[in-house]
There are 2 protein chains.
Amino acid sequence: MEIQVRKNILGENDRMAAENRAMFADNGVYVINLMGSPGSGKTSVLEKTMEKLKGELRMAVIEGDLFTSKDADRIAKHDVPVIQINTSGGCHLDAAMVQKVARKMDLAALDLLIVENVGNLVCPAEFDVGEDDKGVVLSVTEGDDKPLKYPLIFKESAVAILNKVDILPYCNFDMESAREDISALHPGMTILETSCTTGQGIEPWCEWLRQRVEEKQNR
Amino acid sequence: MEIQVRKNILGENDRMAAENRAMFADNGVYVINLMGSPGSGKTSVLEKTMEKLKGELRMAVIEGDLFTSKDADRIAKHDVPVIQINTSGGCHLDAAMVQKVARKMDLAALDLLIVENVGNLVCPAEFDVGEDDKGVVLSVTEGDDKPLKYPLIFKESAVAILNKVDILPYCNFDMESAREDISALHPGMTILETSCTTGQGIEPWCEWLRQRVEEKQNR
């Protein structure tokens, strides 16, 4: 019974995700669904991305949060359109939530739409929202054992951003081992090392986004 | 329909949690359900707890993990009985999972049973497993905005452990503001500052546990 309900929920989600994907394709907008633990630095990476790509790519952000608009407020300061989804305690975004707000956006006026998911290394990975790519942000403060402990999110993502590398010397994180584990879970996956404090790795991440947007628009 | 299913699942969980609670009470064992984000340091805090309380309290640990036994292996090194629950990707422990393994344990031979939940700041807070208290571990690397962003887990917990304070100087974390927010969410809640690197705060945390165990045994 429980399994059947779960199948139905995921089936309905996949149907709406397909609708979203068609809508994004019609408008030529590249969509990335950014996931990660609470405090991994998703919003900080987005803020650095906005600073770097403003005036170059036409961007908007959908912010998923349980209750507050704290992250949306941070993005709004960068003069980038941001729409907030409050899940009222729900642990992930789903395709219906994203569709509801995306329908209100001028998608044709965008090159890049970033969906920042709820802070959670587990549930968001199970729900397609119609994105082109999923990405995962992992802070080095979380420990190098996390890829093997939370494998699905790494298998599902096209890019892994290993963040807060400025405090790597104070953390128990073996970068080589983490990279090996991620590559074993998802061969060929792009792995970037970033710090929003020093700016390290932000340009390669923005370059990765530029290429993905360009590929989408040439499709 | 979805709401009804959810109510049924939670109702069934509460029923089994009540069974667990009675079983723990019959055996005079105090049970704490420890929650927190991936990488907040739950297992490290447990390792320090084992070192400190070994020979003084009779302890066992139930380790919740998605797939691996990495955390259980770390606890087993301290010669404390540990049972692993693999949720096969499930984002939280529930009362049925805990009951299944707790029935195999010699509960009468224990003073303290620690349940380490799946690394997730959202879902575990919704599921009673029959514990006496819930506790939340938050790493200061996650940022001081987390209590207000993830309020339920702080409302549900009797104790908040603010961990990794040794790297506070390198983090954007206002301790006073975090304490105020936690106290506003849950007035009177115990808030401890710990570092598993320097050992700071481990003794007050163990003293808190000792008192809770003693209160349970005098009930």
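The values are calculated or read from the model by the stated rules, or taken from the named source; none is laboratory data. Source: prediction; values computed, not measured. Neighbour counts run over all protein chains shown; Cβ positions are idealised from the backbone, glycine included. Just the protein is used for accessible areas: all its heavy atoms, side chains included, with ligands, DNA and RNA removed. Shrake-Rupley method; radii C 1.70, N 1.55, O 1.52, S 1.80 Å.
The 3J(HN,Hα) values that the Karplus relation (6.51, -1.76, 1.60; θ = phi - 60°) gives for the range A:152-167 are, in residue order, 4, 5, 7, 5, 7, 8, 8, 9, 10, 9, 8, 9, 6, 5, 4, 9 Hz. Gly and Pro appear as x.
Phi angles of the range A:191-201 translate, via the Karplus equation with coefficients 6.51, -1.76, 1.60 and θ = phi - 60°, into HN-Hα couplings of 10, 10, 10, 10, 9, 7, 7, 9, x, 4, x Hz per residue; Gly and Pro are given as x.
Each Cα pair under 8 Å and six or more residues apart adds its separation to the average, and for chain A the resulting relative contact order is 26 percent. Take every DSSP beta bridge whose two residues both sit in the protein assembly as shown; close to 5 percent of them are antiparallel. For the residue pairs A:Lys146/B:Lys42; A:Lys42/A:Lys216; A:Lys164/B:Lys164; A:Lys70/B:Lys146; B:Lys48/B:Lys216; B:Lys100/B:Lys155, alpha carbon separations beyond 19 Å are given by A:Lys42/A:Lys216; B:Lys48/B:Lys216; B:Lys100/B:Lys155. Measuring between their Cα centroids, the range B:91-159 and the range A:187-219 lie 36 Å from each other. The residues of the range A:147-163 listed by number as losing at least 50 Å² of accessible area in the complex, against the isolated chain and with a 1.4 Å probe, are A:Lys149, A:Tyr150. A cut-off of 5 Å between modelled amide H atoms, ignoring neighbours fewer than 5 places along the same chain, links B:Val82 with B:Val61.
Note on chain A: helix-only mean residue ellipticity at 222 nm, from DSSP H runs of 4+ residues weighted -39500 (n - 2.57) and normalised by residue number, equals -12500 deg cm²/dmol. Averaged per residue, the protein assembly as shown has 40 square angstrom of accessible surface, using a 1.4 angstrom probe with ligands and nucleic acids left out. GNM on chain B, alpha-carbon springs under 10 angstrom: the most fluctuating residue among B:Asn13, B:Asn33, B:Asn163 is B:Asn13. Taking amide hydrogens as placed 1.01 Å from N in the peptide plane, the amide H of B:Glu193 sits under 5 Å from those of B:Leu162, each at least 5 positions away in sequence or on another chain. Work out which residues of the range A:11-44 lose at minimum 50 square angstrom of accessible surface when the other protein chains are put back, relative to the chain isolated, with a 1.4 angstrom probe, and list them by number. Those residues are A:Pro38. First check a/c for the range B:2-214, with a ≥ b ≥ c the square roots of the eigenvalues of its C-alpha gyration tensor; if it is under 1.5, answer rounded, and if not, answer prolate when a/b is larger than b/c or oblate otherwise. Oblate, since a/c reaches 1.5 and b/c is not below a/b. With Cα atoms as the point set, the protein assembly as shown shows a radius of gyration and Dmax of 21.9, 72 Å. Our coupling estimate for the range A:64-72, obtained by passing each phi through the Karplus curve with A = 6.51, B = -1.76, C = 1.60 and θ = phi - 60°, is x, 8, 5, 9, 8, 10, 4, 6, 4 Hz, Gly and Pro reported as x. Each residue, A:Asp79 and B:Gln99, gets one label point 7 Å from its Cα in the Cβ direction; the gap between the two is 6.0 nm.
Total buried accessible area between A and B, probe 1.4 Å, nearest 100: 2700 Å². Distance between the 7 Å Cα→Cβ label points at B:Lys70 and B:Ala25: 3.9 nm.
Share of carbon and sulfur in the accessible area of the range A:98-181 stands at 44%, probe radius 1.4 Å. Under a 5 Å amide H cut-off, with hydrogens placed 1.01 Å from N, A:Lys134 pairs with A:Asn33, A:Ala158 among residues at least 5 apart or on other chains.
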